[in-house]
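The values are calculated or read from the model by the stated rules, or taken from the named source; none is laboratory data. Everything numeric in this text was worked out from a predicted model, so none of it was measured. Using ideal geometry, Cβ is built from the backbone for each residue, glycine included, and neighbour counts are taken over all protein chains shown.
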Amino acid sequence: MLTLIFTCPQSRDYFFDLISLFQSLDIEKIKEYILSFGVLAPLISFFLMVFQAIVAPLPAFLITFANAALFGWLWGAALSWFSAMVGALLCFYIAKFLGRDVVEKLTSKIALESVDAFFDKHGTYAILIARLLPFVSFDVVSYAAGLTSMRLRAFLIATGIGQLPATLVYSYVGEMLTGGAQTVVYGLLSLFAVSILVYLIKRVYRGA
């Protein structure tokens, strides 16, 4: 897939344009991009979420914010949750069938090694914890899960439950985001996520 992208100049330019869109961390730009496709906007949002999942690590929470602002927090949350599930499933299967070498090219060797030991010890806890942090690449965790013996059913259940609370919270807040409020919300959400992370880590190690 990546070979096809980089051998075609137009595909390569489009690929890097999407990367720049995510790296800008600008919700307004993402909203404008999605809206530019008119009635296809929900479908484009879906593909953007899947794209960011495969080309990890890119900030998925930006799309969640944009979806809530464009489609309302409830429908935006549903779209974000479903598309994130599809993206996670693709990451899982890419790792399962294509192996570690391909995953390292899509992510990085360092990123995978950083989650290997924790994932081996705690399994589904790693999935639940990672999804609560907006700046932790949940997609790398999805790839790592595919490299283990974890069954698809267990992965989907942990993924669905793990991402639902954050998706609902980010969607509800994302519907109200305007201008300078974004910076304040980033700080509050980060604080909230870190607090939950600390709590879950304590629970994990107490049960270990």
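Would you confirm, using the coordinates I've provided, whether L133 is modelled with pLDDT of 75 or more and either out of contact with any His (no Cβ under 7 Å at 6 or more places or on another chain) or in a helix (DSSP H, G or I) (or both)?
Working: modelled with pLDDT of 75 or more: no; either out of contact with any His (no Cβ under 7 Å at 6 or more places or on another chain) or in a helix (DSSP H, G or I) (or both): yes.
The answer is no for L133.
Going residue by residue through segment 92-99, is there one that turns out to be over 19 Å from S45 (Cα atoms), among the hydroxyl-bearing types (S, T, Y) and modelled with pLDDT of 75 or more?
Restricting attention to segment 92-99, the residues satisfying the condition of being over 19 Å from S45 (Cα atoms) are 92-99.
Next, only the ones that are among the hydroxyl-bearing types (S, T, Y) stay: 93.
Next, only the ones that are modelled with pLDDT of 75 or more stay: 93.
Yes.
What's the total number of residues in segment 82-110 that are over 29 Å from N67 (Cα atoms) and hydrophobic (A, V, I, L, M, F, W, C)? Counting residues in segment 82-110 that are over 29 Å from N67 (Cα atoms) and hydrophobic (A, V, I, L, M, F, W, C) gives 4. Residues that are hydroxyl-bearing (S, T, Y) number at least 3 in the following helices (runs of 4 or more DSSP H) confined to segment 32-119: 73-106. Entry remark, segment 37-54: residues being crowded, with 17+ Cβ neighbours inside 10 Å and among the aliphatic types (A, V, I, L, M) number 6 in total.
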